[in-house]
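Engineer: Next up is a structure, given as structure tokens.
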Amino acid sequence: MVRIRSYRLSRLPIHLFFIAVSAVFIVPLWSIIAISLSNELDISNFGYHLIPKKIDFQAYHYIFDNPMTIVNAYKVTAITSVIGTLLSVIMISMCAYALSRSDFKYSKIITFYLFFTTLFSGGIVPFYILMTKFLHLQNTYAALIIPLLGNIWYMFLMRTFFKQLPDSLVESAKIDGAGELRIYITMIVPLSTPVLATVGLMQLLIYWNSWFNALLFIDKQSLYPLQYLLQVMMSNIQEILRNMTSGGQVDATMLANLPTESTRMAMCILAIAPMLFVFPFFQKYFAKGLTVGAVKG
Amino acid sequence: MQLRELRKDFRKNKVLLALTLPLVIYVFIFSYVPMFGAIVAFKRYQFNKGILGSDWVGLSNFKFLFESPDLWRIVRNTLGYNTVFIILNLLGSVFVALLLYEITSKKLLKVYQSIMFYPHFLSWVVVAYMAYAFLNPRSGMLNQWLSDLGLGAVDWYNKSGPWIYIMPLANMWKEIGVSAIIYYAGLLGVDPTYYEAAKIDGASKWKIITKISVPFLYPLMTILTILAIGHIFSADFGLFYQLPMNSPTIFSSTDVIDTYIFRALIDNGNIGMSSAAGLTKSILGLLLVLGTNAVVRKINSDNSLF
């Protein structure tokens, strides 16, 4: 034996590294929380601080006293997320199942037809004209739901999963006289809950975090989803707060006293809270979904 | 004769065909119709005449685009940033994955992974809020720290220079957890007997990493990098639109092809310029994906997209 583990990387530096990295990841989130709990006067005098001079729930009080704006945004986001996710999982899984069947005659051509759209797109301009000038979908829920429905990558992810189901399953059901639709609904769907859940969660996340379609198609505040409300608040907090305060009759001095800085951050916390509590439990599903890149077209 | 066969095929497959129909129709309306609508790039679009009714103007929209002084800026920024992102994310996530692999405690491993993964659940709007907490020129923490160090405050949203560092940092912060997990999963696939054999031979840790772990990741690194190069013309719109808050004074280092197309369409209503830029991007993107895929297929046909 020439050398016996002459050099062994101690684990301590590794842990120190990850503790430092963790701090870099947590401090931004923490800073939002800290600002949302700060006193407005302290902010304007001393700026943002990681540790508030004194804890003040003023911003949260203010939001909960005038909850309509955020409740409404939650409602819009919830409706689009639930309907969008359900529709998209149904649509995607039906198609994926048919394309996974090796005896489906039109599988090749439809696969190519769908796959081509991931390679080439007409761009945002014709899509925008289609949505607004032909379908007249500005300021509708449909404008928030439709653009994200047909995710071709997730379709391929599901198809790969369905392909792993044994062929004999379908054959024996057919011999028993079950129709195609019945096989899909009573056999394939129950066997595929893991992949349906994975795709469902990923779509849910996409819908929950979406703001782009609101930016394009929505200008009525009653249809602002959460993320878009946040975006508008960043540039136009005064306007939102004026609409938020019940009655809408606010004079200038009162507006000046509103906790704009801390309220903005408190809104942000309220918007991401469900996400941060719920999604970590499903992290393994997301990690699974990452293999989507390895799916063949 | 042939007709009868076609009809028989159809009858046999009609239920499965019906199952594909919703997605097929959806894709037709929302992907293929806009594809044909891309001809608007060759027209002078007028709202009242629609796409088909508007007058053809040949390549004049493209001429305007290619003569525009903005073109160099947006192409440079898009390609430059994406190149930096690809390199940094590759090095960073492989580095993190290798370190994660050294951690034996299951619990700590889970904690570190979750902490680095959570930005994946946030939208760029929220990340822009986080950045604002640091960069707000009046109350932001970064300016406070600078003044503690005796340095002057920086008007971050009006100063373009620092953004060439902020952008890659923000991008890495949001994405590294995800890509590190991909590489970490790759490392879990290494046969442990390699490591045992190396240890018996007295190989140093450094040798083990550079001669076993990293080479094992080469295929994954190659494929992911080449695929990323295929999308080098597409910038992450959320990052470039939300983080700089669409501030015009820093466009020189934050404007990319996608934000430019968006602004031309929504803010300026310049349909011609916007659609010409969009179509150019789509065509270049298509060629690049086809090209990179051909390269991947040469290296390892299992990993090619098609």
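Engineer: Between residue B:147 and residue A:53, how high is the FRET efficiency from 1/(1 + (r/R0)^6) when r is the Cβ-Cβ distance and R₀ = 25 Å? Nearest 0.05.
Structural biologist: 0.90
Engineer: Counting only other chains, what is the mean number of Cβ atoms within 10 angstrom of the Cβ of each residue in peptide B:32-41?
Structural biologist: Per-residue shielding by partner chains comes out at 6.
Engineer: Let me know the mean shielding of B:271-282 by other chains, meaning the per-residue number of their Cβ atoms within 10 Å of its Cβ.
Structural biologist: So the per-residue partner count for this stretch is 4.
Engineer: What is the extension gain from residue B:57 to residue B:195, computed as 0.36 nm multiplied by their sequence separation minus the C-alpha to C-alpha distance, in nm to one decimal?
Structural biologist: Value of the extension gain: 43.1 nm.
Engineer: Further question on the same structure: Rg/Rh for the range B:2-56: what does it come to with C-alpha atoms and Rh from Kirkwood?
Structural biologist: Reported Rg/Rh (Cα atoms, Kirkwood Rh): 1.29.
Engineer: Over the range A:66-297, what is the relative contact order in whole percent, taking alpha-carbon pairs under 8 Å and six or more residues apart?
Structural biologist: 34 percent
Engineer: Show me A:225-232, B:14-21, A:155-162, A:272-279 ranked by packing, highest mean number of other Cβ atoms within 10 Å first.
Structural biologist: Highest to lowest by the protection proxy: A:225-232, A:155-162, B:14-21, A:272-279.
Engineer: A further question on this structure: Helix-only estimate, please: 222 nm mean residue ellipticity of the protein assembly as shown, summing -39500 (n - 2.57) across DSSP H runs of length 4 or more and dividing by its residues, to the nearest 500.
Structural biologist: Taken over the protein assembly as shown, the calculation gives -21500 deg cm²/dmol.
Engineer: How many times 2.2 N^0.38 Å is the alpha carbon radius of gyration of chain B?
Structural biologist: 1.29
Engineer: What would the Debye formula give as log10 I(q)/I(0) at q = 0.16 Å⁻¹ for the alpha-carbon point model of chain A, no solvent?
Structural biologist: After summing over all Cα pairs, the log10 values are -1.27.
Engineer: Within chain B, which DSSP H helices have Cα atoms that stretch 27 Å or more along the helix axis and a mean Kyte-Doolittle hydropathy of at least -1.0?
Structural biologist: B:2-27, B:70-102, B:163-188, B:271-299
Engineer: Please give the average number of partner chain Cβ atoms lying within 10 Å of the Cβ of each residue in A:263-272, rounded to a whole number.
Structural biologist: The per-residue average across the peptide is 3.
Engineer: If I model a spin label at residue B:229 and residue B:49 as a point 7 Å from the Cα along the Cα→Cβ vector, what separation in nanometres do I get?
Structural biologist: About 4.4 nm, to one decimal.
Engineer: Given labels modelled 7 Å from the Cα in the Cβ direction, how far is it in nm from residue B:70 to residue A:75?
Structural biologist: So the label points at residue B:70 and residue A:75 sit 3.8 nm apart.
Engineer: Using a Debye calculation, one point per C-alpha and no hydration shell, please list log10 I(q)/I(0) for the protein assembly as shown at q = 0.07, 0.08, 0.12 Å⁻¹ in order.
Structural biologist: Calculated log10 I(q)/I(0) at the listed q: -0.51, -0.66, -1.42.
Engineer: OK, next. What is the extension gain from residue B:266 to residue B:249, computed as 0.36 nm multiplied by their sequence separation minus the C-alpha to C-alpha distance, in nm to one decimal?
Structural biologist: That pair, residue B:266 and residue B:249, stretches by 4.3 nm at full extension.
Engineer: Ok, one more. Filter the DSSP H helices in chain A by two things, a Kyte-Doolittle mean of at least 0.0 and an axial alpha-carbon span of 27 angstrom or more, and list the hits by number.
Structural biologist: A:11-36, A:68-100, A:260-278
None of the figures in this text is laboratory data; all of them are computed from the coordinates on show. Being a predicted model, the structure only gives us computed values, none of them experimental. Every residue, glycine as well, gets a Cβ built from its backbone with ideal geometry; the counts of neighbours run over all protein chains shown.
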